[in-house]
Every structure is written in structure tokens, then in C-alpha cells.
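Have a look at the structure below before the remarks.
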Amino acid sequence: MTSSSARAEGWEQRARSGDRVALARLLTLAERGGDEFADLHPTIHARMGHAHRIGFTGPPGAGKSTLVEGYALELRKRAESVAVICVDPTSPFTGGALLGDRVRMNRLTLDPGCFVRSMASRGWFGGLARTSEDVADVFDAVGYDRVLIETVGVGQSEIDVARAADTTVVVLVPGTGDAVQAMKAGLMEVADLFVVNKADRPGVERVVAELEEVLQLRADAEEKPAIVQTVAMNGEGIDELARRIDEHKARSAASGRLATRRAARAAEKVRRLLEQALRERSFAGKGMERRIEEALQSSTPRSPYAVARELLLELGLSGKEARKP
Ligand SMILES: Nc1nc2c(ncn2[C@@H]2O[C@H](COP(=O)(O)OP(=O)(O)OP(=O)(O)O)[C@@H](O)[C@H]2O)c(=O)[nH]1
Ligand SMILES: [Mg+2]
């Protein structure tokens, strides 16, 4: 064992006995990824599987953070430990709630049974899906009962984050065409449960009706998602949300869907790790960008397919001959 992996194993042990500093270090290691985390992961993996992972996604400003905070407080009443992962929408096309209007979950940060981790959504090795899943793995392994993951439902990678949960909650609000927007964004297919938040505002019945209409079209009719109305701001409907989330978990565990979903998640993870590694092995240090330009330079324009074959051949990854030009 290398000294760095011995150190990480030490953090893992201390984190399990409640050391928040050790846990924070472990989370940073998970975010950074790379060999050190890969060395530690079998240890983490062996302790995983207890936590219920719940993804919350929906349009910017829908009240996801308010809802997650309220739900976490509800879980705390039942003495469950709760970890929250907030993926900050730093991408240019999602402003999030109006500046200064965003809820920061302050009511959770002083509770020793809660741990809130905010992650910037860009810049980590392997992307958002990799990072948030590895952070969730850490929380799971060190013994948290529930891991709540908030991402804004704009863009495929953000939606993927929420989808990589055992239960995915899509949060909508009353307002013209919200259900239709959600459908366009691909949120309909990932939802195990819908929340219509801000039910104190007019237009609730209309969103619910729109949702029900759209849900008619879903093929897996027996697993039709429930629709819960909430006013996250004052806690209304949170108890029903909690009940519905538990119901979904119990049903999917009993039917075998939970196991299938977790297995699919593991396969997807291996796929992503392989892709990443292959990309790095093929591209890193070989001046591939320059080679692409060189190969394309010719008096007559060359087919990208032919160029790709030629380069694969150079990399020893293809048996096919490149046909010129
Ligand atoms: N009227 C009303 N306002 C709410 C309700 N829930 C949340 N809000 C308000 O909506 C605003 C945005 O809430 P957030 O919880 O930050 O929303 P969010 O979806 O997490 O926002 P982003 O993370 O920026 O996408 C805040 O001002 C909340 O107080 C609700 O049930 N009713
Ligand atoms: Mg938020």
C-alpha cells in the first residue's frame, strides 16, 4: 500500500466514526478523482449500498433547494442522517434563481446529522456525472442513510446526475407551459416522482393536468409517477413527499428494479471510466491535435472517416486499412 492510499484509508475510517474533517478530505479526493481515489474505491465500494440516493432536478429557481432542505429536516425528525450534494449551476446558460434569491440550506449546516457539499459543476476530471456519483459513494460508504442530490434540470449532463439516483424527483412550478418545457428538456422520462412546488401560486391545477396528460403517454404504465403538490417555503406537502419517496424505494426494491438500476449504474460507470482512460491513452502526449490537422492537410479535402482510420491505425487500434484520399 502506498503512503497516500494508507492516508486515504485512515480518512475513511475516521469519517465513518463521525470525523467531519476527514470526511471533507475524502470528498475532495473523490472530486479530484484520479489514481488515489481509484485505489481507495474498492474499500468504499465494499461498504456501499445502504444509502438511499435521491436526485432532485427541475428548472432554475423551482425551489429545489428549499424542498431539499425541508425534506432533509423531515428526515432528521426521524433521526436519519442526511447528506446533500448541490451541484451549482455555473454553466453560462443557467443563471439559477435570481441573484441573491437562492436558498443555501443554512438550516442544515449546523446539524451534526447533516452534511452539505456544494460542488461547482465544471472543471473536475471526468465530468459532473463522475464527480457527483463518487461523492455520493463516499457518503454512502461512511454511513449516511440518505444522499440527496440537487441539480438544475437544464442540459443532459445535469439531468444525468439526478438520474443516477435510486429515486429521481422532478420539481416543477405553476406557470405557462412548465410541463411542456420539462418534456422538451427530457425531464419527463427520468421522473419517478413529480413535485409541483409553489402550490401557493395560481395555476397548480393546470400543471397537474398537463402532467397527467403527458404521463398517459408513458409506456411503463404500472410505474406511473405520483404527483405531489408542495409549498416548500412553509413545509406544506413535505410529509407526503417523504411518504411517496419511501413508497418508490420500497416498490422498486421489491420488484427488483432497484437492483437492476444499480447494476446499470455500475456498468455505465465502467463504460465511462474506460472511455476516459482510452481517450487519455490515445490522445495524451501524442500531439493528436497536431496530427489531425496534418492528416487533413492535403491539396484535396480528405474524408474525416479516412483520416480517422489512418490515425486509428497509427495508434494500433484498427485493423482496417485507410483508403486514400
Ligand atoms: N411562493 C413560493 N416561493 C418558493 C417556494 N419554494 C421556494 N420558493 C422561493 O423560490 C426562490 C428560489 O428557491 P430555491 O430553493 O433557491 O430554488 P432552486 O430551484 O434551488 O434554485 P436554483 O438552484 O438556483 O435553480 C426562493 O426565493 C424561495 O424562497 C414555494 O413553495 N412558494
Ligand atoms: Mg438550488
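The values are calculated or read from the model by the stated rules, or taken from the named source; none is laboratory data. Here the structure is a predicted model, which is why all the values come from computation and not from measurement. Don't worry about glycine lacking a Cβ; one is built from the backbone with ideal geometry, like all the others, and counts go over all protein chains shown. Surface areas here come from the heavy atoms of the whole protein model, side chains and all, with no ligands, DNA or RNA. Shrake-Rupley method; radii C 1.70, N 1.55, O 1.52, S 1.80 Å.
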Of Ala46, Ala72, which residue is open to solvent by less than 60 Å² (accessible area, probe 1.4 Å) and either closer than 22 Å to Asp160 by Cα or modelled with pLDDT of 90 or more (or both)?
Ala72
Among the numbered conditions (1) of a type outside the set (Ser, Thr, Tyr); (2) within 14 Å of ligand 1 (Cβ to nearest atom); (3) open to solvent by less than 40 Å² (accessible area, probe 1.4 Å); (4) modelled with pLDDT of 80 or more, tell me where Arg104 comes up short.
(3)
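Okay, residues lined up against (1) modelled with pLDDT under 90; (2) within 30 Å of Val195 (Cβ to Cβ); (3) open to solvent by less than 80 Å² (accessible area, probe 1.4 Å):
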{"position": "Leu258", "(1), (2), (3)": "no, yes, yes"}
{"position": "Lys269", "(1), (2), (3)": "no, yes, yes"}
{"position": "Ala284", "(1), (2), (3)": "yes, no, yes"}
{"position": "Ser298", "(1), (2), (3)": "yes, no, yes"}
{"position": "Gly316", "(1), (2), (3)": "yes, no, yes"}
{"position": "Lys324", "(1), (2), (3)": "yes, no, no"}
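Provide a single number: the residues in region 217-241 that are surrounded by 13 or more Cβ atoms within 10 Å (Cβ to Cβ) and more than 16 Å from ligand 1 (Cβ to nearest atom).
Summing the residues that are surrounded by 13 or more Cβ atoms within 10 Å (Cβ to Cβ) and more than 16 Å from ligand 1 (Cβ to nearest atom) in region 217-241 gives 4.
Can you name every residue in region 126-183 that is of a type in the set (Gly, Ala, Ser), in a helix (DSSP H, G or I) and within 15 Å of ligand 2 (Cβ to nearest atom)?
Hits for region 126-183 are Ser132, Ala162.
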Provide a single number: the residues in region 51-80 that are away from ligand 1 (no atom under 14 Å from the Cβ) and outside any loop (DSSP other than H, G, I, E, B).
7
Among what's in region 145-158 and is buried (at least 24 other Cβ atoms within 10 Å of the Cβ) and β-branched (Val, Ile, Thr), pick the residue that is farthest from ligand 1 (Cβ to nearest atom).
Val147
For region 170-216, how many residues are under 18 Å from the mean Cα position of the chain (by Cα), away from ligand 1 (no atom under 12 Å from the Cβ) and open to solvent by less than 10 Å² (accessible area, probe 1.4 Å)?
6
Starting from region 291-314, keep only residues that are over 20 Å from Arg279 (Cβ atoms), then list their pairs with residues that are open to solvent by 70 Å² or more (accessible area, probe 1.4 Å) and part of a helix (DSSP H, G or I) whose Cβ atoms are within a distance under 6 Å, requiring at least 6 positions of separation or different chains.
Arg302/Leu296
